[in-house]
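The values are calculated or read from the model by the stated rules, or taken from the named source; none is laboratory data. This is a predicted model, so every value here is computed, not measured. Neighbour counts are summed over all protein chains in view; Cβ atoms, including those assigned to glycine, are modelled from backbone coordinates with ideal geometry. Note: accessible area is taken over every heavy atom of the protein model, side chains too, but ligands, DNA and RNA are not part of it. Shrake-Rupley method; radii C 1.70, N 1.55, O 1.52, S 1.80 Å.
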Amino acid sequence: MTSNQLDKKSQAWSALFSEPMSDLVKRYTASVFFDQRLWRADIQGSLAHADMLAAQGIIGSEDFQAIERGMAQIRQEIEAGQFEWQLDLEDVHLNIEARLTQLVGDAGKRLHTGRSRNDQVATDVRLWLRDEIDGLIALLRELQNALVGVAQDHVEVILPGFTHLQVAQPVSFAHHLLAYVEMFARDEERLQDVRRRTNRLPLGSAALAGTTYPLDRERVARSLGMVDETGQAQVCMNSLDGVSDRDFAIEFTAAASLCMVHISRLSEELILWMSQNFGFVRIADRFTTGSSIMPQKKNPDVPELARGKTGRVVGHLMGLITLMKGQPLAYNKDNQEDKEPLFDTVDTLRDTLRIFAEMVGGQLNPVTGKKEGGITVNSQAMEAAAQKGYATATDLADYLAKKGLPFRDAHETVAHAVKAATSHQCDLSELPLAVLQGFHPSIEKDVYECLSLRGSLQARNTLGGTAPAQIRTQIERHLLRLK
Ligand code: ARG
């Protein structure tokens, strides 16, 4: 298409078309108002392509220089907000190409040699997403660091661990937080893995079948940083697949969904813990809102919204995976619909990770060099809650089993003890020794050690358990990993 023809797209695409598009159809088919955010990747991809065309003698080196010059100006115009995006030019690719041709003439028209918008857009999205993934990984690490930081200060703080949201066994608050660090560490691994499959070059697939020009695809891949750990160029090896594969977008959105699910679980706990009935933690006022009618309220809007936005990201995953299911090879215009869900997934995850890292870990005070305003922990409330609900009943059963009672019998014996404590409205540790011995004669004075919250924690000293010594080992491991 010549620039003249591009300009005239408002009338019709080419001589082949007998009538222009209606405004409605133009709006329906255009993507420029959302895909313009790909502009950096589009220019980057075009320059790598043009450099290779020149190196292969397919265009002249003066053409490449003119393209470089034109692109530099376009970059400036876009950055300064002076670039005129035109709906008539449909998408980011045609807008930039038309402007390039306006600026540098025939050299601009040569840029599209051996290339199609099909391999161009697939390349742009991959380049863009690759860089976004790097930013997201950095934020994920920030959040993990924030959680580890809070964990470090609360190894000895005990709260009730729940199963079925019923008091189960006492655990360290640090241990609880480190469970989320494990989740976010897996999210980080998943993003690294998706990045490998995202960082492959479709360019050179052309429309669908490859091209008649002697392209050096590996050179383009290398100049775009599409290489593996050993420096080997990463190129999509089948042109039909190259232009139509959106697995990387689906995989990314799946990884993002899972990460949001983890954030949503953490949100749910924060919301519970902040309620008056728990009173375990507070988050800084700037993450909460008041009520227009109830003056006493401080609502956890940020965690609630994060929980809500999880639905939106999971929705994008459903959207993308459904987008692909009926598509024959190769490129279909359906694929243009990959962008908004992908963009919104990145935006939502990015903002959520950023806000959570700050909400948990606080903000750096430039004067003191310390982080301030993170989560505030009410250890007394946590411990008081752990005292209720017979959280150490399993410890008593283990105590009896270690004295030789079969565990099932010990379990039953302790159930009787819990029943008795319930009717006396006291904790197991508050039952006098004589009463406890009434349940089993092997019970001695040392039983109170295992009935205490601290004793219960200390006793779980196996790899991955909640004993403070284990937690400190895990904190060391995370600190090393997150350095
Ligand atoms: N805007 C299009 C997209 O996002 C670019 C590719 C268009 N290719 C085509 N043959 N119409 O998918």
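Before moving on, here are some points about what is shown:
- Size descriptors for the range 225-327: radius of gyration and Dmax over Cα atoms are 21.0, 63 Å.
- Sorting the segments 300-308, 391-399 by their residues' average number of neighbouring beta-carbon atoms within 10 angstrom, most packed first, yields 391-399, 300-308.
- Annotation for the range 448-483 versus the range 126-161: alpha-carbon center distance of 20 Å.
- Spatially, the range 7-70 and the range 89-104 are offset by 5 Å when compared through their Cα centroids.
- Accessible surface for Leu482 stands near 10 Å², nearest 10, in the context of the full protein assembly shown (1.4 Å probe).
- Sequence-distant residues sharing a close amide H with Ala168 (under 5 Å, placed H): Gly161, Phe162, Thr163
- Prolate/oblate/rounded call for the range 58-128, Cα gyration tensor, a/c under 1.5 rounded: oblate
- Judged by the mean number of other Cβ atoms found within 10 Å, the most tightly packed of the peptides 13-22, 331-340, 225-234 leads the ranking 331-340, 225-234, 13-22.
- Residue-normalised accessible area of the range 35-120, given per residue in Å² at a 1.4 Å probe: 39 Å²
- Relative contact order of the chain, pairs being alpha-carbon contacts under 8 Å that are 6 or more residues apart, as %: 15 percent
- Residues of the range 197-225 with an amide N closer than 12 Å to a point placed 7 Å from the Cα of Ala55 along the Cα-to-Cβ direction: 215-225.
- Normalised by the number of residues in the range 298-380, the average gap of Cα pairs under 8 Å and 6 or more apart makes the relative contact order 20 percent.
- Taken along its principal axes, the alpha carbon cloud of the chain reaches lengths of 100, 55, 51 Å, longest axis first.
- A simple rule links phi to the HN-Hα coupling: the Karplus curve 6.51 cos²θ - 1.76 cosθ + 1.60 with θ = phi - 60°, which for the range 81-96 gives x, 9, 6, 9, 6, 10, 4, 4, 8, 6, 9, 4, 5, 5, 5, 5 Hz, with x for Gly and Pro.
- Taking the range 320-424 and dividing mean pair separation by its residue count, relative contact order in percent (alpha carbons under 8 Å, at least six apart): 12 percent
- Overall, the accessible surface of the range 93-235 at a probe of 1.4 angstrom is composed of carbon and sulfur to the extent of 46 percent.
- Angle between the chain longest axis and helix 393-402 axis [Cα atoms, degrees, rounded to 10]: 70 degrees
- Exposure of His112 as accessible area (Å², to 10), given a probe of 1.4 Å and all protein chains: 50 Å²
- Surface/4 estimate of mean projected area, convex hull on alpha-carbon atoms of the range 284-414, nm²: 18.2 nm²
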